[in-house]
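The values are calculated or read from the model by the stated rules, or taken from the named source; none is laboratory data. These figures come from a predicted structure and were not determined experimentally. Heads up, the Cβs are rebuilt from the backbone with ideal geometry, glycines too, and the neighbour counts pull from every protein chain shown.
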Amino acid sequence: MNFENILFEENENIGYITINRPKKLNALNKATIAELNEAFESAREDHDIKVVILSGSGEKAFVAGADISEFADFSAEEGRRLAAEGQEKLFDVVANFPKPVIAAVNGFALGGGLELAMAAHFRIASDNARMGLPEVSLGVIPGYGGTQRLPQLVGKGKAMEMIMTAGMVDAKEALEYHLVNHVTTPEELIPLAEKLAGKIMKNSMVAVAAAIKAVNANYEDGVNGFELEIEEFGSSFGTEDFKEGTSAFLNKRKANFPGK
Ligand code: COA
């Protein structure tokens with residue numbers, strides 16, 4: 001695959017998807033969103049990839065937002081379409097991805113950048129990271145799920161404050177508000193993501209995928225998460241991974257999951 005705006009590679013069962021427009025602080029233009037969609041669809045099909053680490057190129061930014069130069073002269077209808085297509089092609093794809101997606105936030109994560117990090121299943125950050133939803137300072141509101149996912153993560157009051165002030169929080173504050181799970185140095189950021197990915201990959205990835213689905217059900221309108229959990233729990237009993245996991249435990253050996 002030939003990408004112009006992102007890097008995509010696989011190594012030791014990890015798919016590394018890196019937004020690669022460092023001169024524009026990795027701002028998300030239409031082409032980048034299309035390439036990210038393609039990379040995620042390819043990671044979905046690639047059996048070698050078990051976990052995805054999503055990050056930004058360079059030392060300064062994860063993603064500094066949607067590309068403002070692209071939508072500055074949009075009409076209301078074009079704006080509506082921008083948000084709808086972005087959510088469908090990228091943000092919802094990431095949030096509902098059947099393999100864990102870890103966002104490694106390596107600098108500014110603003111606007112669409114923070115929204116992308118929030119769509120990931122969890123986030124870690126470097127100590128130079130700064131996060132915020134500055135859209136109202138541009139006369140718009142977050143359009144890639146930010147008004148929904150930020151309150152889910154940090155609570156309504158803090159989300160309202162962040163969105164209304166258009167301010168940024170640093171990595172330490174982001175940790176306090178549960179926006180990120182861990183903070184480390186920029187050099188240790190990807191190694192930490194890899195360590196967490198390694199811990200996940202010791203488990204049944206079939207069960208991990210079912211767990212993602214069940215947790216996400218809590219945030220979906222019209223879906224009863226408890227019922228979906230019962231369904232997914234029941235289905236687990238029919239997997240080869242379940243047989244392997246339980247028999248390994250009972251035989252006091254390490255499980256070697258077939259991933260089926
Ligand atoms: N869209 C388009 N271009 C962007 C961008 C965005 N969201 N964020 C940064 N860039 C571009 C800048 O225009 C600049 O391009 P240029 O060198 O061709 O002029 C380049 O990236 C570097 O950014 P710059 O502003 O010079 O860096 P800085 O260190 O002075 O400031 C930020 C960093 C993040 C504070 C600042 O770039 C910024 O406020 N970006 C916009 C953030 C935002 O509002 N995002 C939400 C969009 S909905």
_Within the range 88-108, tally of residues that are within 14 Å of the ligand (Cβ to nearest atom), more than 12 Å from the chain's Cα centre (by Cα) and not aromatic (Phe, Trp, Tyr)_ = 2
*Sole residue being more than 14 Å from Ile163 (Cα to Cα), modelled with pLDDT of 95 or more and away from the ligand (no atom under 12 Å from the Cβ), chosen from Arg130, Arg123*: Arg123
*Looking at Leu133, Leu36, Leu25, Leu54, which one is over 22 Å from Glu220 (Cα atoms) and free of Cβ contacts under 8 Å to residues at least 40 places away in the same chain?*
Leu133
*asked:* Among the residues that make up the range 167-186, is at least one of them within 12 Å of the ligand (Cβ to nearest atom), basic (Lys, Arg) and modelled with pLDDT of 95 or more?
replied: no
*Being in a helix (DSSP H, G or I), touching a residue at least 24 places away in the same chain (Cβ under 8 Å) and closer than 18 Å to Lys50 by Cβ, is that true of even one residue in the range 213-220?*
yes
_What's the total number of residues in the range 91-111 that are in contact with a strand residue (DSSP E or B) (Cβ under 8 Å, 6 or more places away or on another chain) and more than 23 Å from Val183 (Cβ to Cβ)?_
2
*What tally of residues in the range 36-72 results from selecting those that are farther than 16 Å from Pro22 by Cα, away from the ligand (no atom under 14 Å from the Cβ) and not small (Gly, Ala, Ser)?*
14
*For the range 126-136, indicate whether the set of residues that are of a type in the set (S, T, N, Q), under 30 Å from Thr239 (Cα atoms) and crowded, with 21+ Cβ neighbours inside 10 Å is non-empty.*
no
*Which of the residues spanning the range 160-192 are in contact with a Phe, Trp or Tyr (Cβ under 9 Å, 6 or more places away or on another chain) and of a type in the set (A, V, I, L, M)?*
Met162, Met168, Val169, Val180, Ile190
_For the structure I just gave you, tell me whether Val140 is more than 17 Å from the chain's Cα centre (by Cα) and either modelled with pLDDT of 95 or more or within 16 Å of the ligand (Cβ to nearest atom) (or both)._
yes
